[in-house]
Amino acid sequence: MSFSQRLEEPAYAVVCGASRGIGLALTAQLLARADIAEVWAIARHASQAPELLALAAQHGQRLHCLDVDVCDEQALAELASQLRAAIPRLHLLLCTVGVLQQGAAKAEKGLAQLNLQGLLATFQVNSFAPILLLKHLLPLLRGQHPCTVAALSARVGSISDNRLGGWYSYRASKAALNQLLHTASIELSRLNPNSCVLSLHPGTTDTELSKPFQGNVPAAQLFSPGYAAECLLAQVERHGPEQTGTFWGWDGQPIPW
């Protein structure tokens, strides 16, 4: 049974990283659906993002834009408190935050380029932020209602698929995210038997994260954020409690751990 078929009421959704790229596209596509009651779009500067403001003008009270630094656990606790006061339960939690090469985070080509600051910066965004977000929103996911949690992983986080090496921090942080999500899926299934937790690979998408590395990507394999979002929502739609804790590509193909 699909996600929308399992819903017994219009859904409440949270999109983390909603101000640009795939997160923005997911927000727009969710708002276009009749089975979505409200979307909470969170990002560091969500309330100032022109694209989100345009969506808010179009959809009114169905869209809430909140400024949240997901690397700040106190901010996540405040977000959770605000959401608990506003909605009875959460049906959809989508996390699109990620970093490859920005600030201290680097796409290392070899061991000599590794340093502790870069490793910590990469893990903080790619691994720790999504799982801490899930931790704080867990009370809204408990119960019997259908709910899906999905975070953007990456095929390069697959250990068995790694044949090229490089990108130490990014690969390891996505592998760690996969393990954290898989572990959380086991706990959440006990707290809500109708829950589903997914790791999703969106494919190479034309976003700020991938721009420095698009040179060798064939045009047909470089996706627009809108297309990637459409494919990811299709995976959310088709997978339920029976597939919780699994890792899927944008094309519906399972990815080995």
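The values are calculated or read from the model by the stated rules, or taken from the named source; none is laboratory data. Because the structure is predicted, anything quoted here is derived from the model rather than measured. Ideal geometry is used to build each Cβ from the backbone, glycine not excepted, and the neighbour counts take in all protein chains shown. Each accessible area value is taken on the protein alone, full model and side chains, heavy atoms only, with ligands, DNA and RNA left out. Shrake-Rupley method; radii C 1.70, N 1.55, O 1.52, S 1.80 Å.
Does segment 36-56 hold any residues that are open to solvent by less than 90 Å² (accessible area, probe 1.4 Å), without any contact (Cβ under 8 Å) to a residue 24 or more places away in the chain and more than 21 Å from Pro130 (Cα to Cα), and which are they? Across segment 36-56, the qualifying residues are Leu53, Ala54, Ala56. Residues that are modelled with pLDDT under 95 and in contact with an Asp or Glu (Cβ under 9 Å, 6 or more places away or on another chain) were ranked within segment 57-114; the one that is surrounded by the most Cβ atoms within 10 Å (Cβ to Cβ) is Gln102.
The rows are residues; the columns are (1) open to solvent by less than 30 Å² (accessible area, probe 1.4 Å); (2) modelled with pLDDT of 95 or more; (3) of a type in the set (Val, Ile, Thr); (4) farther than 30 Å from Ala11 by Cα.
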| residue | (1), (2), (3), (4) |
| --- | --- |
| Cys147 | yes, yes, no, no |
| Asn162 | no, no, no, yes |
| Ser169 | yes, yes, no, yes |
| Thr183 | no, yes, yes, no |
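Determine whether Leu94 is assigned to a helix (DSSP H, G or I) and either of a type in the set (A, V, I, L, M, F, W, C) or more than 25 Å from Leu31 (Cα to Cα) (or both). It is false that Leu94 is assigned to a helix (DSSP H, G or I) and either of a type in the set (A, V, I, L, M, F, W, C) or more than 25 Å from Leu31 (Cα to Cα) (or both).
When segment 126-149 is filtered for residues that are out of contact with any helix residue (DSSP H, G or I) (no Cβ under 8 Å at 6 or more places or on another chain) and among the aliphatic types (A, V, I, L, M), only Ala129 remains. Among the residues of segment 39-56, is there at least one that is under 22 Å from Leu200 (Cβ atoms), at pLDDT below 95 and among the aliphatic types (A, V, I, L, M)? No, segment 39-56 contains no residue that is under 22 Å from Leu200 (Cβ atoms), at pLDDT below 95 and among the aliphatic types (A, V, I, L, M).
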